[in-house]
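Report on the structure given below.
The values are calculated or read from the model by the stated rules, or taken from the named source; none is laboratory data. What you see is a predicted model; the values in this text were computed from it and never measured. Please note: Cβ atoms are built from the backbone with ideal geometry, for glycine as well, and neighbour counts cover all protein chains shown. When the accessible area is computed, the model is the full protein with side chains, heavy atoms only, and any ligands, DNA or RNA have been set aside. Shrake-Rupley method; radii C 1.70, N 1.55, O 1.52, S 1.80 Å.
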Amino acid sequence: MLNPLALVSEGADACADAHVADACVPDAHVADTCVPAAHVPGTAAPLLELREYSLRLRRDGTGLLDKVSFRLGTGEIVGLIGESGCGKTLLALSLIRLLEPNLFTVAGQVFWRGEDILAWPEKRLISWRGKELAMIFQEPMTSLNPVWRVGAQVAEAIRLHQPVGVKEAASLACQALRQAAVAAPERLMRQYPHELSGGLRQRVMLAIAMANRPRLILADEPTTALDVSIQAQILELMLRLREETGASFLLITHDLAVVAEVCDRALVMYAGRVVEAAATRDLLDTPRHWYTRGLLASLPGLDGEGRLPVIPGAVPAPAQYNWRGCGFAGRCRRALPRCGREPPPWSDVGAGHWVRCHAPA
Amino acid sequence: MPLLEVEALRKYYRGRGRWRPGKERLIPAVDGISFQVEEGSALGLVGESGCGKTTTGRLILRLETPTAGSIRFDGQDILALRGERLRSWRQQAQMVFQDPQASLHPAMTVGEAIAEPLAYHSALSRREREERARELLAEVGLETVYFHRFPQELSGGQRQRVGIARALSLNPRLLVADEPLSALDVSIQAQILNLFIDLKERRRLTYIFISHNLAVVRRLCDQVGVMYEGRLVELQPVGDLFRAPGHPYTRALLRAIPRLEGRRRE
Ligand SMILES: Nc1ncnc2c1ncn2[C@@H]1O[C@H](COP(=O)(O)OP(=O)(O)O)[C@@H](O)[C@H]1O
Ligand code: SF4
Ligand SMILES: [Mg+2]
């Protein structure tokens, strides 16, 4: 496995020796900004690296993402997990720079192979987006053009980034569809999106995303709207594409079982923050954050009967995110009095497993 | 005697088939299925989308007319019902949908939406209807503050609770729930699933619970019917089905469920 490391920070130097972040900064109110230094095995440069990336609404300053830091290596499949409303899609849209600058303010850095993309001009983004980095969404119909045949749409995506003629683009499009395990790509090329099943549309989206051999694919709930059997096929396809092309994936989902099936490593998000990060096996076998524990317990599995243990309540709207303390305090059965008013520090609980909790499990 | 008896039910549509171009012909959506459901028990119908689960539910509710077959409820021939008695059947059997948003009017408050069926089907006064709606709101686990909210202000899970309260307002005996969890986060699915389990016990409700996920069905249902291309390929008590799935398609469905053991990555 590549780069198991999870978290880094600009303030890393300041707390290089500290295992618990709040031990390193005298100023209490900035304690939560100090993320422990990363223990990087080797020096392989990450493909993508976020450093304390924060996002707010320009209108009223409502906080949406709070100092998110992580790295993603070449060929890795990283899961981003959390319930609806935790900020997963906003994070993905940030990574591909698709957020409307008039609506949001950002802070922090997003490094793509060592360069901060937040400083890139639009022109550079256009040649990068869809070429180096691609994104697929839960509902493929929102990104497919209903009046264009499938073949034309895949070919168009190719022509946008590769200097090829119409004919060659069509043959590359056919190859891309075949790679996405479409049984009869030639016939599919002539069909319109509405003629396809949900699973086939998602394969077309994957084909478009993979057509220019990107290094990273952001997949936002790609299987949530699909039946379990089609979901299984799409997940297997992702694993195969990674194998064949060496591409990395950031897989966004609300289902830990999906993470278990395909991800090397996962980040758990709650209320605009990453609260736990670990290799998948560690995260599932020894979850340390009470939110992760709650998510795990609420999965139905195949052997239990009757009622399920649930996390009470729901994710609050961003205006109600509590960043003064632990964002999860309102729903946590283990909450201590200080959980509501002190941001939990990051702690390193071993082997690249990080958790942000005052009283980890 | 079983409360609901469905026999050799068929529904054919004239069409071109879903994803296939070509000539118009008769397409079987439901192709001769039979089952029985005891009072207070739940039948799970599983299978991939398009296999005929929704159509089966709609036929039972008499929202569509079968091509052939019979449906009996409490000894009554449902397909023979007309006028007032059909109206009464549509009160006794209610539906819960995948996307409650689609069944809730955006200009109606939660309270109004829950009380609305009572205005048409009961002699209750306005005050009594409101009273009843508040009780139902509490029964599905929503605080009274939501009474005056609009559906758009609610989360997906809360909206599904409202959809359930509305379906319960006329004290139905049969609830057809069509993929009621599929649009929700896994964590919220667990909350709503628990609500279905509670209601089943508290009200002795009889369910047809439609889902594509066997793991969910296992928690609630007493029997499971596996549908494939309009037919029931397997029908078993839930324990037996999980212990010894008989049909290869059932085994494929079981294998498809993502597991925490993460077999695919290895
Ligand atoms: N009104 C209709 N006209 C034509 N075909 C229909 C109609 N309703 C359903 N079907 C078809 O019948 C089949 C079964 O549909 P449905 O009952 O909706 O399955 P499910 O609930 O499992 O998704 C599908 O192929 C569907 O396209
Ligand atoms: S910090 Fe406190 S409230 Fe947050 S998860 Fe840990 S124990 Fe629960
Ligand atoms: Mg359906």
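Here are the numbers for the structure shown:
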{"read-out": "Fraction of alpha-carbon pairs over 15 Å apart in the range A:104-151 - percent", "value": "63"}
{"read-out": "Per-selection Kirkwood Rh - chain A (Cα, Å, 1 d.p.)", "value": "21.3"}
{"read-out": "Sparse-neighbour loop sites [trypsin sites (Lys or Arg not before Pro); the range B:1-104; at most 16 other C-beta within 10 Å; DSSP]", "value": "B:R16, B:R18, B:K23, B:R62, B:R82"}
{"read-out": "Within straight-line cross-link reach of B:K11, lysines at Cα separation under 22 Å, skipping those fewer than 8 residues along the same chain", "value": "B:K23, B:K53"}
{"read-out": "Cα-based reach from A:K167 at 19 Å (exclusive), listing aspartates and glutamates while leaving out same-chain residues under 8 positions away", "value": "A:E156, A:E186"}
{"read-out": "Rounded Å value of the spacing that divides the Cα centres of the range A:85-122 and the range A:232-254", "value": "23"}
{"read-out": "Farthest positive-ward along the range B:1-155 dipole, Cα basis, beta-carbon charges - from B:L136, B:F73, B:G40", "value": "B:F73"}
{"read-out": "Value of [θ]222 nm, deg cm²/dmol, for chain A, DSSP H segments ≥ 4, -39500 (n - 2.57) each, nearest 500", "value": "-8000 deg cm²/dmol"}
{"read-out": "Hydrodynamic radius by Kirkwood, which averages 1/r over all alpha carbon pairs of the range B:117-266, in angstrom", "value": "17.5"}
{"read-out": "For the range B:151-175 and the range B:43-69, distance of Cα centres in Å", "value": "21"}
{"read-out": "Percent antiparallel among DSSP beta bridges (both partners in chain B, rounded to 5)", "value": "55"}
{"read-out": "Residue of A:D227, A:D60, A:D303 that the Gaussian network model of chain A assigns the largest fluctuation, springs spanning Cα pairs under 10 Å", "value": "A:D303"}
{"read-out": "Total charge dipole magnitude, the protein assembly as shown, about the Cα centre, Cβ charges on Lys, Arg, Asp, Glu only, Debye to nearest 20", "value": "1480"}
{"read-out": "For B:L3, residues with placed amide H under 5 Å, excluding near neighbours", "value": "B:V37, B:E38, B:E39"}
{"read-out": "Pairs of alpha carbons in the protein assembly as shown whose separation is greater than 46 Å (percent)", "value": "21"}
{"read-out": "Apportionment of accessible area to carbon and sulfur, chain B, percent (1.4 Å)", "value": "47"}
{"read-out": "Hull volume in cubic angstrom per residue (convex hull over the Cα atoms of the range A:122-183)", "value": "116"}
{"read-out": "Cα-only radius of gyration and Dmax that characterise chain B, units Å", "value": "19.1, 63"}
{"read-out": "Which of A:L226, A:G199, A:G327, positive extreme of dipole for the range A:183-336 (C-beta unit charges)", "value": "A:G327"}
{"read-out": "Net dipole in debye of the range A:216-267 [+1 Lys, Arg Cβ; -1 Asp, Glu Cβ; about Cα centre; nearest 20]", "value": "140"}
{"read-out": "Values of log10 I(q)/I(0), in the order q = 0.17, 0.21, 0.23 Å⁻¹, for the range B:3-120 under a Debye, Cα-only, solvent-free model", "value": "-1.01, -1.25, -1.34"}
{"read-out": "Listed residues A:V349, A:L160, A:L284: farthest to the positive end of the dipole of the protein assembly as shown (Cβ charges)", "value": "A:L160"}
{"read-out": "Of all DSSP beta bridges in the range B:139-266, antiparallel share, percent nearest 5", "value": "55"}
{"read-out": "Radius, Kirkwood style, for the range B:91-184 when every pair of distinct Cα atoms is counted (Å)", "value": "13.0"}
{"read-out": "For the range B:159-199, diffusion coefficient by Stokes-Einstein and Kirkwood Rh (Cα), 4 °C, 1.567 mPa s, µm²/s", "value": "120"}
{"read-out": "Computed helical MRE - 222 nm, chain B, DSSP H runs ≥ 4 contributing -39500 (n - 2.57), nearest 500", "value": "-11000 deg cm²/dmol"}
{"read-out": "Cα-Cα P(r), the range A:288-351, percent of pairs per 10 Å interval", "value": "18, 42, 28, 11"}
{"read-out": "Stokes-Einstein D for the range A:61-106, Kirkwood Rh over Cα pairs, 4 °C, 1.567 mPa s (µm²/s)", "value": "106"}
{"read-out": "Three semi-axes of the equivalent ellipsoid, the range A:137-279, Cα gyration tensor, whole Å, largest first", "value": "28, 16, 14"}
{"read-out": "Anchor A:K123: lysines whose Cα lies under 19 Å away (excluding residues fewer than 8 positions away in-chain)", "value": "A:K131"}
{"read-out": "Stokes-Einstein D in µm²/s, Kirkwood radius over Cα pairs - the range A:222-361 at 25 °C with 0.890 mPa s viscosity", "value": "149"}
{"read-out": "log10 of Debye I(q)/I(0), alpha-carbon scatterers only, for the range A:91-212 at 0.10, 0.12 Å⁻¹", "value": "-0.35, -0.50"}
{"read-out": "Euclidean distance between Cα centres, the range A:296-361 to the range B:181-244, Å", "value": "29"}
{"read-out": "Charge dipole magnitude, Cβ of K and R +1, D and E -1 - the range A:155-271, Cα centre, debye nearest 20", "value": "440"}
{"read-out": "³J(HN,Hα), Karplus 6.51/-1.76/1.60, whole Hz, each residue of the range B:199-206, x for Gly, Pro", "value": "5, 4, 6, 5, 9, 6, 6, 9"}
{"read-out": "In the range A:157-210, GluC sites (Glu not before Pro) in a DSSP loop with at most 16 other beta-carbon atoms within 10 Å", "value": "none"}
